[in-house]
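Asks: I'd like to ask some things about the structure below.
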Amino acid sequence: MAQTFFPGATIGMLGGGQLGRMSLLAGRRMGYRFVVLEPAGDRCPAAPVADAVITAEYDDETALARLAELADVVTVEFENVSSAAMEFLEARVPVRPGPQVLATCQHRQREKEFLRRAGFPCAPFAVVDSAESLARAIAELGTPSVLKTAAFGYDGKGQIKLRGGEDPTEVWQRLESPRGVLEKWIQFEGEYSVICARNADGAEAVFQVAENIHRNHILHTTIAPARLPEASARAACELALAVTRELGVVGLLAVELFLTADGWVINELAPRPHNSGHHTFDAARTSQFEQHIRAVCNLPLGDPGLFAPAVMVNLLGDLWSGGRPDWTHVWRHPTGKLHLYGKEEPKPGRKMGHFTLSGDAVEPLLEAAQQIEKQLAG
């Protein structure tokens, strides 16, 4: 039996963004204390909810040693922390998920190679490290295809779509990265995600499949449960759980999926709470954030089922261009729930918050969410 951390313990959190903030809100209700390591310090969204904040870069060994001293167990709100930092921590305090999980998911080459080696469906790909190798990869995979940085890309950043006829030298210079992954373009019918939880003793739980709609590579709307046949949804959940087990995750794993004419294809993995699970705060028996705390602390996992269909809409900084939006448009809906992250400066494309509607059926909720969005935009 793995070590269990009961309420009263202190959880260390690497990262203090909105995912950390919502995880802390869930954990404080359960009786846990939190210390956050975050370069932005007291200006980060999680700071007002934390018991202590360490202001430092993630590879600062003095700060990491202090975090290990204060925390009983350490977790993350995002995966882009160096392997060296995670190994430094793991030598001093339990880290969940472990360094190997983070090292795999933060690097597209390692992630794709893990999926291919384990036999999981993913897009055909080639690793490139020069204009010459990119030219060979294009010849092998064809176009359309997508060139992505091997590390530290998110929300469409570090990605270049190739439609055919591009100059490999010019494209490679635009990537501005020493290594990339060229992926064959997948013709998909829809984008979906499944969030799985696994504790240190191997107990598992899986949230219902979420249907995701993106704008400019940023998640805009999540619909849950996804509008899918039961057999297709079940296959997605089984695939996501299989990946979670194979990777050895302790915590959460969000598996982003494409639905194609031939079945499911895995796009990306994220070993943490995920934007497409925000609706669970308001519409699930156990939110993804509470489940994250339960899994990391090796508690029994909660029921992830929805008690009502839900629609979540991201609120980006663009909405503030004309001043502060009138949030009463959200609250006038009888189930409207507004979540603002406490970020200081609204910037175009920056996730500032979200709202969730829940009810008896998805379609009326979608219509209402679209109307609220128009009202907020003025």
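All of the numbers you see were taken from the coordinates with simple rules; none came from a lab. Given the structure is predicted, the values throughout are model-derived calculations rather than measurements. Quick reminder, even Gly has a Cβ in these numbers, built from the backbone with ideal geometry, and neighbours come from all protein chains shown.
Asks: List the DSSP H helices in the chain whose Cα atoms stretch 20 Å or more along the helix axis and whose mean Kyte-Doolittle hydropathy is at least -1.0. Let's see the in-between values first.
Replies: Details: long enough: 230-247 (26 Å, 0.44); 362-377 (22 Å, -0.06).
Taking the DSSP H segments of the chain (at least 20 Å long, mean hydropathy at least -1.0), we get 230-247, 362-377.
Asks: While we're looking at this one, here's another question. Which entries of K161/K337; K148/K347; K112/K343 show an alpha-carbon separation above 27 angstrom in the structure shown? Please list the in-between numbers first.
Replies: Details: K161/K337 36 Å; K148/K347 24 Å; K112/K343 33 Å.
Where the Cα-Cα span goes over 27 Å, the pairs concerned are K161/K337; K112/K343.
Asks: Related question: P(r) tail for segment 190-377, what percent of Cα pairs lie past 29 Å?
Replies: Numbers: 3915 of 17578 pairs.
Across segment 190-377, Cα pairs with separations above 29 Å total 22 percent.
Asks: Follow-up question, since we're still on this one. What list of whole percents do you get for P(r) of segment 141-260, with Cα-Cα distances grouped in 5 Å bins up to the one holding the largest distance?
Replies: 2, 10, 16, 17, 17, 16, 11, 7, 3, 1, 0
Asks: On a C-alpha basis, how far is the centre of segment 22-92 from the centre of segment 221-279 in Å? Whole number, if you could?
Replies: Spelled out, the Cα-based centre of one part sits 27 Å from the other.
Asks: What do you get when you divide the Cα radius of gyration of segment 124-184 by 2.2 N^0.38 Å, with N the number of residues? Provide the component values of the computation, followed by the final result.
Replies: Details: Rg = 10.0 Å, N = 61, 2.2 N^0.38 = 10.5 Å.
In units of the globular-protein estimate, segment 124-184 measures up at 0.96.
Asks: Restricting to bridges with both residues inside the chain, how much of the DSSP beta-bridge set is antiparallel, in percent to the nearest 5?
Replies: Working: 57 of 72 bridges.
Of the beta bridges lying entirely in the chain, close to 80 percent run antiparallel.
Asks: Please compute the length gained on full extension between Q187 and A242, using 0.36 nm multiplied by the number of residues separating them and subtracting their Cα-Cα distance. Please report the intermediate quantities before stating the final value.
Replies: Numbers: separation 55, 0.36 × 55 = 19.80 nm, distance 2.39 nm.
Contour length minus Cα-Cα distance gives 17.4 nm.
Asks: How far, in nm, would the chain grow between A84 and R227 when pulled straight, counting 0.36 nm per residue and subtracting the alpha carbon separation? Mind showing how you got there, number by number?
Replies: Details: separation 143, 0.36 × 143 = 51.48 nm, distance 4.19 nm.
My answer for the length gained is 47.3 nm.
Asks: Also: Assuming 0.36 nm per residue, please report the length gained on full extension of the stretch Q173 to R29 beyond their Cα-Cα distance.
Replies: Values: separation 144, 0.36 × 144 = 51.84 nm, distance 4.89 nm.
Roughly 47.0 nm would be gained on extension.
Asks: Evaluate the distance, in nm, between pseudo-label points positioned 7 Å from the Cα of R324 and of I213 along their respective Cα→Cβ axes.
Replies: Here the answer is 2.9 nm between the modelled labels.
Asks: List the aspartates and glutamates whose Cα lies under 12 Å from the Cα of K374, skipping any in the same chain that are fewer than 8 positions away.
Replies: D326
Asks: Rounded to the nearest 20 debye, what is the charge dipole size of segment 190-377 about its Cα centre when +1 sits on each Lys and Arg Cβ and -1 on each Asp and Glu Cβ?
Replies: Working: 16 positive and 21 negative charges, 103 e Å.
The dipole magnitude comes to about 500 debye.
Asks: Would you kindly calculate the translational diffusion coefficient of the chain, applying Stokes-Einstein with the Kirkwood radius from alpha carbon pairs, for 37 °C and a viscosity of 0.692 mPa s, and quote it in µm² s⁻¹ without decimals? Each step should come with its number before you reach the end.
Replies: Details: Rh = 21.4 Å.
It comes out at roughly 153 µm²/s.
Asks: Per the helix-only calculation at 222 nm, which mean residue ellipticity applies to the chain, given -39500 (n - 2.57) for every DSSP H run of n ≥ 4 and division by its residues, nearest 500 deg cm²/dmol? Walk me through the intermediate numbers first.
Replies: Details: 12 runs with 119 residues, N = 378.
So the calculated ellipticity at 222 nm is -9000 deg cm²/dmol.
Asks: How big is Rg to Rh over segment 10-95, alpha-carbon atoms, Rh as the Kirkwood inverse-mean-distance radius? The partial results should precede the final answer.
Replies: Values: Rg = 11.3 Å, Rh = 12.3 Å.
A ratio of 0.92.
Asks: Using the alpha-carbon centroid of each, what span in Å lies between segment 120-189 and segment 321-378?
Replies: Between the Cα centre of segment 120-189 and that of segment 321-378, the gap is 35 Å.
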